[in-house]
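These notes are about the structure you will find just below.
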Amino acid sequence: MADIILTARAAKRINEIMGSEPPGSSLRISVNGGGCSGFSYAFDITRAREGDDIVIERDGATVLVDPVSLEYMGGATIDFVNDLIGQSFKIENPLATASCGCGTSFAI
């Protein structure tokens, strides 16, 4: 399974968010069934790490992904964008065959 890449912009934003969270907090990204394209990404802040979590670290930021979600997002790039329609984390997923306009739902 291909690694997940965390961009410098995403790491910077995660660090900004975690600055107001309890020490040891991380961003958990998971894939859930549902959404307008079949699957959707969920973003949660957690202090709990599971033994089989995949840990992605960059510039002091930590992202956790469970093994089942990794099957749906291997090789993805997690970025943070700030454009005319707003700020958000954007996941470029090479496994996705389609996605919706909101960017948080995709199909495989």
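The values are calculated or read from the model by the stated rules, or taken from the named source; none is laboratory data. Predicted model only: the values in this text are computed from it and were never measured. When we count neighbours, we look across all protein chains shown, and the Cβ atoms used for this are built from the backbone with ideal geometry, even at glycine. With ligands, DNA and RNA removed, areas are computed over all heavy atoms of the protein, side chains included. Shrake-Rupley method; radii C 1.70, N 1.55, O 1.52, S 1.80 Å.
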Tell me, what is the FRET efficiency for Ser20 and Phe43 to the nearest 0.05, using R0 = 22 angstrom and their Cβ-Cβ distance as r? 0.90
Rounded to the nearest 20 Debye, what is the dipole magnitude of the chain about its Cα centre when Lys and Arg each give +1 and Asp and Glu each give -1 at the C-beta? 240 debye
Put +1 on the Cβ of each Lys and Arg and -1 on the Cβ of each Asp and Glu in the chain; which of Met18, Leu95, Ile4 then has its Cα farthest toward the positive end of the dipole? Met18
Potential extension, Asp83-Arg9 segment - 0.36 nm per residue separation minus Cα distance: 25.3 nm
Expressed as a whole percentage, what fraction of the accessible surface of the chain belongs to carbon and sulfur atoms when a 1.4 Å probe is rolled over the protein heavy atoms? 50 percent
Of Leu84, Tyr41, Ile56, which is farthest along the charge dipole of the range 39-88 in the positive direction, counting Lys and Arg as +1 and Asp and Glu as -1 at C-beta? Leu84
Gaussian network model of the chain, Cα within-10 Å springs - most flexible of Gly60, Gly51, Gly34: Gly51
Cut-off 10 angstrom, C-alpha nodes, Gaussian network model of the chain. Which of Leu95, Leu84, Leu64 fluctuates the most? Leu84
With +1 on each Lys and Arg Cβ and -1 on each Asp and Glu Cβ, and nothing else charged, work out how big the dipole of the range 14-53 is about its Cα centre, in Debye to the nearest 20. 60 debye
